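This report refers to the structure that appears directly beneath it.
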Amino acid sequence: MIEYRTFQNGDPPQVAELWENSGLGRGAAGNLRTDAFEYLNFAQPYFDRAGLILACEEENVVGMVHAGFGVNEDQTNLDQQTGVICMVLVHPDFRRQGIGRELVRKAEAYLRDRGAATIFAGQAEPLDSFYFGMYGGSQPSGFLLSDSAADPFFRSVGYAPFERHAIFQRDLCNKTDPVNMRLAGVRRKTQLAIAYQRQPLDWWWITRLGRLDTVRFHLVGRGDNVPVAEVTVLGLDLYLDRWQERAIGLTNLEVADSERQQGYGQALLVEVCRRMREEMVTRVEAHASETNSAAMATLKSAGFEQVDTGVVYRLLEDGESVDSMEAANQADGDNAPFDDGETAIQPPVFDQQGIESETTLTDIGNLMDDDRPTEIS
């Protein structure tokens, strides 16, 4: 008989075992130790054990659902008006018994009880409070289509696709970099620099990216060091066992408003990939909303290819149809997590050496060996 209960302190080993045995695809880190779950999820200041619901057969955990919330507008606390199903797992031997459906219903009840008026399934900014660095690759972008059971499951329990995110990767073993006249011109007048993460760091950034090893790259003008584009690089060492290669992720790509449409985004991506190749990184991943055509084009122009798609779903309200929700989504426009210039670039604080030729990027990441937050200094 299946019983349902909330998370208890002794559950992390069984949660990790369920994760490993649930058949998750390429977008899930594998062979994880219990401390990875503790550090990235259970130790979060907003973790609520009532939101992590387990399905058990006697003493064995055979399924789980994790529900949470996004962040408020000023990124200082959770916004409980919007809830999200962060993760659903059922052991393959216990599927098609209604366990997943019951878990989702219990998660919805948890979210409703705490004030959620709208419920999504699949994390994406700003609804991405858990599993950063563990699922989705460089950032949470919904449930991946490479996990083939996810899409039909969520449709069957009353959810409909709300937004889609393209997952891009570039194989750095291929040493052929994009070449064109505009790119060559940009390279002549700019250079790559490493800077501190933008200050001040807000609470939301610290709880998620602050738990991973990150570094911020800027493309700056030669001579004046004025930044025209920037991107955050994060280590994906938790994916080493799954992908069998050293990988990094890119997130928060930004181009100064006054410098857009001049090839700076492409140039920054190409130069970062060159630097990562020197550091023996063989794969780079970045995500873009499918409605953000500028980000999609920039990634493709820098040699990235789409390898997967992430989908965020929304729970349909009574009387609401899939067609009406899709029409509303198109009217709302783009809400892309991969920013290609909408956010103004803040003046960077460079390290003492600063410029690309005089700085060495050491190992970013390796949470498995060092579980302390990294401070960029």
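Details
Matching residues to (1) touching a strand residue (DSSP E or B) at 6+ places or on another chain (Cβ under 9 Å); (2) within 20 Å of Gln81 (Cβ to Cβ); (3) modelled with pLDDT of 95 or more; (4) among the β-branched types (Val, Ile, Thr):
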position: Leu111; (1), (2), (3), (4): yes, yes, yes, no
position: Ala117; (1), (2), (3), (4): yes, yes, yes, no
position: Asp147; (1), (2), (3), (4): yes, no, yes, no
position: Arg164; (1), (2), (3), (4): yes, no, yes, no
position: Gln169; (1), (2), (3), (4): yes, no, yes, no
position: Val186; (1), (2), (3), (4): yes, no, no, yes
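- Residue ID - farthest from Arg95 (Cα to Cα), chosen from residues in the stretch 31-58 that are buried (at least 16 other Cβ atoms within 10 Å of the Cβ) and among the small types (Gly, Ala, Ser): Ala36
- Residue in the stretch 68-81 that is among the β-branched types (Val, Ile, Thr) and within 18 Å of the chain's Cα centre (by Cα) present: yes
- Every residue from the stretch 118-163 that is in a strand (DSSP E or B) and in contact with a Pro (Cβ under 8 Å, 6 or more places away or on another chain): Ala124, Ser141
- Boolean, Asp224 is over 29 Å from Tyr131 (Cβ atoms) and out of contact with any helix residue (DSSP H, G or I) (no Cβ under 8 Å at 6 or more places or on another chain): yes
- Enumeration of residues in the stretch 119-134 that are surrounded by 23 or more Cβ atoms within 10 Å (Cβ to Cβ) and of a type in the set (Ser, Thr, Tyr): Ser129
- Scanning the stretch 76-90 for residues that are in contact with an Asp or Glu (Cβ under 9 Å, 6 or more places away or on another chain) and surrounded by 16 or more Cβ atoms within 10 Å (Cβ to Cβ) turns up Asp79, Gly83, Val84, Ile85, Cys86.
- Number of positions in the stretch 181-209 that are out of contact with any Lys or Arg (no Cβ under 9 Å at 6 or more places or on another chain), in contact (Cβ under 8 Å) with a residue 12 or more places away in the chain and not in a helix (DSSP H, G or I): 3
- Odd one out for Gly365, checked against (1) outside any loop (DSSP other than H, G, I, E, B); (2) in contact with a helix residue (DSSP H, G or I) (Cβ under 6 Å, 6 or more places away or on another chain); (3) modelled with pLDDT under 90: (1)
The values are calculated or read from the model by the stated rules, or taken from the named source; none is laboratory data. Bear in mind that the values here come from a model prediction, so they are computed numbers and not experimental data. Every residue, glycine as well, gets a Cβ built from its backbone with ideal geometry; the counts of neighbours run over all protein chains shown.
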